[in-house]
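Enquirer: Before I ask anything, here is the structure I am working with.
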Amino acid sequence: MAKVHVTTTINGEPTEFLCEPQQSLLDALRNNLGLTGTKEGCGTGDCGACSITLDGRLTCSCLVLAVEADGHSIGTIEGMAQGDKLHPLQRKFLEMAALQCGICTPGVLIAARALLEKNPNPTETEVRFGLAGNLCRCTGYDKIVRAVMDTAAEMRETAS
Amino acid sequence: MNVITPTENKWIGARTVRPDGADKVTGRAAYAADTTMPGMIWGKVLRSPHAHAIIKSIDTSKAEALPGVKAVVTAKDIVDFPVDKSVMLGIQDMRWMCRNVMAREKALFHGHPIAAVAATTEATAAEACKLIEVEYEVLPHVIEIEDAIKPDAPILHDFLKHEGKPSNIAGTMVAKLGDIEQGFAEADVVIERTFRTRPVHQGYIEPQACTVSYAPDGRATIWSSSQGQFMVRAMTSLLTGVPQSNIRAIPAEIGGGFGAKTIIYLEPVALLLSKKSGRPVKMVMSRDEVMRATGPTSGSFSTVKIGAKKDGTIVAAQGTFYLQAGCLPGSPLRGPVGCSFAPYAIPHVLSVGYDVVSNRSKVAAYRAPGAPLGAYATECVLDELAEKLGIDPLELRHRNSAKTGMKAAYGATFNQVTFEETIEAIQNHEHYKSPLEKNPRPGIKRGRGVASGFWYNAGGESSAQVNLTEDGNVVVTTGHPDVGGSRASIANVTAELLGVEHDRVSVIIGDTASIGFSNLTGGSRVTFASAMVVTQSVEKVIGQLKERAAKIWKIDPEAVIYENGACRPAGPNAGQFPPLALKDLAAKANETGGPIGAGVQLNTQGADPGFATHVVDVEVDVDLGIVRVLRYTAAQDVGRALHPSYVEGQIQGGVVQGIGWALSEEYLYDRQGRLDNANFLDYRMPVCSDVPMIEAVVLEIPNPRHPQGVKGVGEAPIVPPLAAIANAVYDALGRRFYSLPMSPPKVTEVMDMKLAAE
Ligand code: FES
Ligand code: FES
């Protein structure tokens with residue numbers, strides 16, 4: 001089948017690529033564009049390892065066709081740090097050991113950032129429901145939830 | 001060995017940022033599926049559509065003719081290990097491994113690999129799999145233990161005999177102490193109950209994956225995600241016939257394993273596909289394949305009987321544990337048989353395990369393999385016993401705790417028993433002392449439960465190399481994949497011992513060609529073993545630094561001490577010299593005798609067991625049957641927490657896996673013997689909103705036989721939760737569950753039965 005030409009913006013960079021019509025956006029990011037920071041845990045929308053933002057909205061990239069990204073803007077884990085400056089969530093995750101194996105981490109970070117953009121002052125319950133789409137089998141979620149809440153507090157402080 | 005006491009430490013016990021952290025939060029870290037090679041093609045596996053069938057013929061000609069297909073392999077290409085002669089690699093029998101990697105005489109479960117194809121695209125490889133023609137003779141299948149041990153059950157393997165007859169019981173294990181009959185005769189109270197648990201999957205988020213390149217000179221390179229690159233090398237070598245010296249296994253970052261990645265599925269297949277096609281081959285399992293065809297842990301069917309005197313002294317304990325092995329022998333019998341009664345001083349013990357095969361995927365290790373299901377039975381019976389005797393359940397455990405120097409039924413004599421300390425930690429904890437409102441709202445009931453657990457911990461082979469860089473920093477190489485922060489612990493130890501800042505130490509994991517043999521990451525052994533070999537390597541490096549300083553000062557090396565990152569004269573008699581820091585000595589290394597660095601390879605000894613005691617509060621919605629964990633506190637003796645955050649993380653992660661096992665996770669099969677819930681939606685692991693914070697109470701009672709006092713942490717936390725939660729649900733409902741998971745349908749069913757009875 002003929003490949004399809006897709007024009008997008010990825011992490012702020014205008015990006016064009018060719019893909020098969022049936023390819024998922026996750027597959028295209030990883031295998032066509034080399035952006036392997038986004039992970040595949042299930043391919044069926046159940047684990048959140050593939051989380052990205054599509055025009056700022058939190059999305060499972062395994063549930064989107066690559067061709068559907070045409071004309072849209074994509075945010076992946078590779079675009080989360082600004083140059084050598086980590087995003088506050090990334091820094092807190094390291095300081096508070098909110099990752100063990102790290103396979104869920106890119107997806108969790110993208111989901112946490114989307115949560116804090118919508119709700120800068122979440123309760124523990126709101127964090128837990130905000131991240132309920134991201135499976136982590138290693139940490140038991142404790143340190144993830146704490147790191148997100150701590151980051152939120154810190155970001156509120158710097159903003160005020 | 002010098003034991004370092006906590007007070008003197010700057011880095012040991014510090015919550016440092018892990019060496020591999022930045023790569024993991026920025027998406028840079030390369031996991032197995034992230035590797036690519038020039039010219040790489042894709043491999044796919046054809047799997048059996050039947051739960052049990054004789055493979056009469058396989059015709060791959062149509063698949064091979066499909067454009068884009070570069071190679072096809074079947075069991076003919078895998079080295080055969082005849083069933084009559086056992087060939088062991090660690091605890092794995094290659095007779096079973098070769099049949100697990102590719103079905104040989106029979107397909108033994110739905111999803112069993114039958115053949116594999118490599119093609120230029122993943123889609124072409126998948127399409128080619130459909131063109132392979134397999135003639136099957138379908139046989140009756142058997143899934144559940146109770147069915148598999150019936151006299152007329154379909155037999156999976158004629159060559160397996162139990163009591164002289166072909167049987168699905170593949171093996172037994174016995175642990176014995178005293179005289180069990182006499183023990184029960186002495187008891188005033190005896191309680192005997194039967195329990196069932198379902199197989200549960202380790203649930204690592206990263207599916208198995210590998211990329212293998214077999215070059216024309218016969219040398220192969222494997223990038224894969226595993227709990228041991230040396231295991232990958234050895235097993236691939238055995239199954240393909242390529243000598244170990246021609247295989248370099250490179251450990252990718254591992255996205256969770258929990259025991260499951262101590263065996264392999266894809267690597268030998270990918271190697272053979274690469275060899276046949278002349279191209280590097282990448283294989284990645286789908287989640288469906290992971291659930292269907294990799295090993296969960298055993299389901300079980302157990303009977304536990306415990307007898308005690310009126311004063312609460314336990315006099316006899318008997319356990320019979322039937323475990324599902326899956327389609328080939330190898331249940332973790334050592335878990336329930338050895339661990340269940342180990343924390344207790346019981347004079348008369350008989351513990352028997354049966355390894356039962358059935359038409360399911362072969363089990364793989366899962367965190368404290370087998371111990372949680374044994375503890376589930378034992379710790380629930382203890383709860384009933386406590387109630388019957390009118391003794392507090394923790395008090396009953398405390399009174400019967402094993403003691404240092406005692407011999408356990410599984411054979412070992414304990415060097416150090418710290419079980420009582422874990423019980424006391426919970427008894428004295430605010431959680432246990434706080435009141436719990438049992439009926440907060442109509443239709444809602446709350447309860448509290450406790451349980452304890454035991455795990456052996458382990459030592460074994462480890463290697464390390466510690467080198468100083470020319471600019472005076474430190475590079476440590478070990479041979480163990482880091483599943484949850486072991487690099488962070490090793491960096492802390494190295495910085496401490498060398499007296500340098502933590503950020504001057506890098507820790508990397510070597511491949512099979514760059515570091516000496518190191519056994520699997522598993523059994524809670526890695527921090528224990530690698531800290532030991534790293535300590536000894538650092539001691540050698542310090543010896544070299546002293547020699548170099550002595551040479552510069554022209555004094556005897558004996559007259560030099562190393563302290564706070566620098567060599568100094570031992571005393572006024574040694575001479576007056578300004579200190580020579582590690583950095584200065586590294587810069588002068590070439591003039592003083594060459595590069596500075598040392599390695600140690602050791603079969604480490606001296607592991608001490610881990611004890612844990614947990615308390616949990618649950619809330620049950622009686623109408624919906626939903627059990628929620630409200631509060632959880634887990635106390636465990638870890639010996640020494642080299643990096644407390646990752647120690648707590650192990651405990652928290654293990655507990656939440658235990659919560660899933662107790663409440664929601666199970667393998668469900670249909671009538672054709674096909675797994676019905678091979679995905680993360682229907683196989684329900686705990687998500688963030690299902691659980692509360694998990695408080696880890698970390699006790700540090702040093703292991704005197706380890707330089708830093710380490711015992712091990714990862715396994716023990718998953719042992720108590722099943723029983724602790726079951727006991728809490730009993731406390732809430734006044735109704736005991738003898739099978740897991742306590743999922744909403746089961747809870748409502750039991751509550752309906754209770755209503756009907758009332
Ligand atoms: S890979 Fe997309 S949700 Fe799991
Ligand atoms: S850290 Fe391993 S899955 Fe989250």
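Enquirer: Among the listed pairs B:Lys24/B:Lys130; A:Lys143/B:Lys10; B:Lys540/B:Lys711; B:Lys165/B:Lys309, which have their C-alpha atoms separated by more than 29 angstrom in this model?
Expert: Numbers: B:Lys24/B:Lys130 38 Å; A:Lys143/B:Lys10 23 Å; B:Lys540/B:Lys711 24 Å; B:Lys165/B:Lys309 41 Å.
Flagged as over cut-off: B:Lys24/B:Lys130; B:Lys165/B:Lys309.
Enquirer: Under 18 Å Cα to Cα from B:Lys305, which lysines show up? Leave out anything in the same chain fewer than 8 places away.
Expert: Within the straight-line cut-off, B:Lys305 pairs with B:Lys176, B:Lys388.
Enquirer: Using +1 on the beta carbon of Lys and Arg, -1 on that of Asp and Glu, and nothing else charged, what's the dipole of chain B about the Cα centre, debye to 20?
Expert: Working: 75 positive and 81 negative charges, 222 e Å.
The dipole of chain B has a size of about 1060 debye.
Enquirer: Determine which lysines satisfy two conditions relative to B:Lys275: a Cα distance under 22 Å, and not lying fewer than 8 residues away in the same chain.
Expert: B:Lys44, B:Lys62, B:Lys70, B:Lys76
Enquirer: Hey, got the dipole for the stretch B:135-414? About the Cα centre, +1 on K and R Cβ, -1 on D and E Cβ, debye to the nearest 20?
Expert: Values: 29 positive and 27 negative charges, 215 e Å.
It comes to approximately 1040 debye.
Enquirer: Another question about this same structure. Is the C-alpha gyration tensor of the stretch B:135-414 telling us rounded, prolate or oblate? Criteria: a/c under 1.5 is rounded; beyond that, a/b larger than b/c is prolate, otherwise oblate. Display every interim value, and only then the final one.
Expert: Working: a/c = 2.69, a/b = 1.98, b/c = 1.36.
It is prolate, given that a/c is not under 1.5 and a/b is the larger ratio.
Enquirer: Go through the stretch A:77-98 and flag every residue whose accessible area shrinks by 20 Å² or more with all protein chains in place compared to the isolated chain (probe 1.4 Å).
Expert: A:Ile77, A:Leu86, A:Gln90, A:Leu94, A:Glu95, A:Ala97
Enquirer: Calculate how steeply helix A:105-118 sits against the longest principal axis of the alpha-carbon atoms of chain A, using the helix alpha-carbon long axis, and give the answer as 0 to 90 degrees to the nearest 10.
Expert: 70 degrees
Enquirer: Now, a different point. Rounded to the nearest angstrom and ordered from largest down, what semi-axes does the equivalent ellipsoid of the stretch B:421-468 get from its C-alpha gyration tensor (root of 5λ)? Don't skip to the end; give the middle numbers.
Expert: Values: eigenvalues 381, 39, 34 Å².
One finds semi-axes of 44, 14, 13 Å for the stretch B:421-468.
Enquirer: Let me ask another. Rank B:Leu108, B:Ser167, B:Ala128 by how far each Cα sits towards the positive end of the charge dipole of the stretch B:102-168 (+1 on Lys, Arg Cβ; -1 on Asp, Glu Cβ) and give me just the farthest.
Expert: B:Ser167
Enquirer: Per the 1.4 Å probe, what fraction of the accessible area of the stretch A:88-159, in percent, lies on carbon and sulfur atoms? If you can, show how the numbers build up before the last one.
Expert: Working: 1310 of 2440 Å².
C and S atoms contribute 54 percent here.
Enquirer: Also, quick follow-up: In whole angstrom, note down how far apart the Cα centers of the stretch B:556-577 and the stretch B:611-661 are.
Expert: If we compute the Cα centre of each part, the gap is 50 Å.
Enquirer: Using only the alpha carbon atoms of chain A, find the Kirkwood hydrodynamic radius as the inverse mean reciprocal pair distance, in angstroms to one decimal.
Expert: Details: mean 1/r = 0.0623 Å⁻¹.
After inverting the pairwise mean of 1/r, the radius is 16.0 Å.
Enquirer: Over the stretch B:135-414, what relative contact order in percent results from Cα pairs under 8 Å that are six or more residues apart?
Expert: On the way: 648 pairs, mean separation 69.1, N = 280.
Here the relative contact order equals 25 percent.
Enquirer: Here is a follow-up. Mind putting a number on the dipole of the protein assembly as shown about its Cα centre? Charges go on the C-beta only, +1 for Lys and Arg and -1 for Asp and Glu, and I need it in Debye to the nearest 20. Working shown, then result.
Expert: Numbers: 89 positive and 100 negative charges, 228 e Å.
About 1100 debye.
Enquirer: Can you tell me the Rg and Dmax of the stretch A:88-159, counting just the alpha carbons, in angstroms?
Expert: 10.9, 33
Enquirer: Can you list which of the DSSP-assigned H helices in chain B have a Cα extent of 27 Å or more along the long axis and an average Kyte-Doolittle score of at least 0.0? Before the final figure, lay out the partial values.
Expert: Numbers: long enough: B:526-553 (39 Å, 0.40); B:644-663 (28 Å, 0.33).
The answer, listed by residue number, is B:526-553, B:644-663.
Enquirer: Further, regarding this structure: Let a ≥ b ≥ c be the square roots of the eigenvalues of the Cα gyration tensor of chain B; is it rounded (a/c under 1.5), or, if not, prolate (a/b larger than b/c) or oblate?
Expert: Values: a/c = 1.91, a/b = 1.11, b/c = 1.72.
Verdict is oblate for chain B.
Enquirer: Net charge near B:Thr413: determine it from the other residues with C-beta under 15 Å of the C-beta of B:Thr413, scoring Lys and Arg +1 and Asp and Glu -1. Let's see the in-between values first.
Expert: Values: positive: B:Lys403, B:Lys407, B:Arg705; negative: B:Asp608.
Charge balance in the 15 Å sphere: +2.
Enquirer: Continuing with the same structure: How large is the helix-only mean residue ellipticity at 222 nm for chain B, computed as the sum of -39500 (n - 2.57) over DSSP H runs with n ≥ 4, divided by its residue count, in deg cm²/dmol to the nearest 500? If you can, show how the numbers build up before the last one.
Expert: Details: 21 runs with 212 residues, N = 758.
Rounded to the nearest 500, it is -8000 deg cm²/dmol.
Enquirer: Would you mind classifying the protein assembly as shown by shape? Square roots of the alpha carbon gyration tensor eigenvalues, ordered a ≥ b ≥ c; an a/c under 1.5 is rounded, otherwise it is prolate if a/b is larger than b/c and oblate if not.
Expert: Working: a/c = 1.31, a/b = 1.05, b/c = 1.25.
Note, shape of the protein assembly as shown comes out rounded.
Enquirer: Expressed as a whole percentage, what fraction of the accessible surface of the stretch A:4-79 belongs to carbon and sulfur atoms when a 1.4 Å probe is rolled over the protein heavy atoms? Kindly include the intermediate steps, with their values, before the conclusion.
Expert: Details: 1500 of 3050 Å².
The computed percentage sits at 49.
Enquirer: Give a quick list of trypsin sites (Lys or Arg not before Pro) in the stretch B:284-341 that DSSP marks as loop, anything other than H, G, I, E or B, with at most 14 other Cβ atoms within 10 Å.
Expert: Details: sites: B:Arg287, B:Arg292, B:Lys305, B:Lys309, B:Lys310, B:Arg334; in loops: B:Lys309, B:Lys310.
Answer in residue order: B:Lys309, B:Lys310.
The values are calculated or read from the model by the stated rules, or taken from the named source; none is laboratory data. In this text, all values refer to a predicted model and were calculated from it rather than measured experimentally. Here the Cβ is made from the backbone with ideal geometry for all residues, glycine too, and neighbour counts use every protein chain on show. Ligands, DNA and RNA are stripped out before the accessible areas are found, and what is left, the full protein with its side chains, is counted by its heavy atoms. Shrake-Rupley method; radii C 1.70, N 1.55, O 1.52, S 1.80 Å.
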